[in-house]
Amino acid sequence: MIRAFLAKQLGYPSGIFGRLLMKLLNKGNAIMNDFTFQQLDLRSGDAVLEIGFGGGYLLEKIIASQIPSRIAGIDPQVDVISMGNNKFKQAISKGSLELQQASGESLPHEDNTFTKICTVNTVYFWSNPQKVLGECDRILQPQGKLVICYNSPEFLAQAKLTQHGFTAYQPQELESLMADAGFIDVTTITADGGKGNGVFYSTSGLVKN
């Protein structure tokens, strides 16, 4: 029961425990978030969206870089949005960040809005990955980049998370899904998550011209 509760909170944090968990995940997922930031390869004029920004670690790095002209984040959980609104109050008031409650299956943005999209440890919870990837393709500009960072199936199985609703992906599975959604130059990089975390993957692709 405890593991099931933890698994649910990891996917959909809420309440006091969820807020505490998001702070812990900022530390626990720092390596994955830092790696994703590098893979974004931010350039002047970029417009960046993070899907499922959680505790806001990666958004904070993107904001601090002062490189993108537009930064946005979405998350399906109201408590995550509330925490983000408080954490990033200054950036939001300046108009340099926008946060919205939404899911990846229905992104609240116009076509060809962003140049980069990133997401860390959310792919396990996508009820319809084809739709999420299709939405990403829709709102990305031509040659826009999508970066998905996720734990290995072996790590998730060892943590017994696949028994509680986590859908694990081998890189070739996610690469195939992205290609079917219209992404090109799809590649995966394997990285070391450090002690206790094992390897993780970063799969990225570009939107066609």
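Quick notes
- Hits in the stretch 162-176 (condition: open to solvent by 30 Å² or more (accessible area, probe 1.4 Å), within 16 Å of residue 136 (Cβ to Cβ) and within 18 Å of the chain's Cα centre (by Cα)): 175
- Number of the condition not met by residue 102 [criteria: (1) within 17 Å of the chain's Cα centre (by Cα); (2) in contact (Cβ under 8 Å) with a residue 60 or more places away in the chain]: (2)
- Only one of 159, 179 that is under 23 Å from residue 29 (Cβ atoms) and either open to solvent by less than 60 Å² (accessible area, probe 1.4 Å) or among the basic types (Lys, Arg) (or both): 159
- Among (1) part of a helix (DSSP H, G or I); (2) farther than 20 Å from residue 36 by Cβ; (3) not aliphatic (A, V, I, L, M), the one test that residue 111 misses: (1)
- Hits in the stretch 182-209 (condition: farther than 26 Å from residue 160 by Cβ, of a type outside the set (Ser, Thr, Tyr) and either crowded, with 19+ Cβ neighbours inside 10 Å or at pLDDT 90 or above (or both)): 182, 183, 184, 185, 186, 189, 205, 206, 207
- One residue stands out in the stretch 64-78 among those that are in a helix (DSSP H, G or I) and open to solvent by 40 Å² or more (accessible area, probe 1.4 Å): the one that is nearest to residue 41 (Cα to Cα), namely 64.
- Per-region count, the stretch 126-143, residues outside any strand (DSSP E or B) and surrounded by 15 or more Cβ atoms within 10 Å (Cβ to Cβ): 11
- Residue selected from the stretch 91-120 under the condition at pLDDT 95 or above and farther than 27 Å from residue 143 by Cα, by the criterion least open to solvent (accessible area, probe 1.4 Å): 91
The values are calculated or read from the model by the stated rules, or taken from the named source; none is laboratory data. Being a predicted model, the structure only gives us computed values, none of them experimental. No Cβ is skipped: glycine too gets one built from the backbone with ideal geometry, and neighbour counts run over all protein chains shown. Side chains are part of the model used for accessible areas, which takes the heavy atoms of the whole protein and leaves out ligands, DNA and RNA. Shrake-Rupley method; radii C 1.70, N 1.55, O 1.52, S 1.80 Å.
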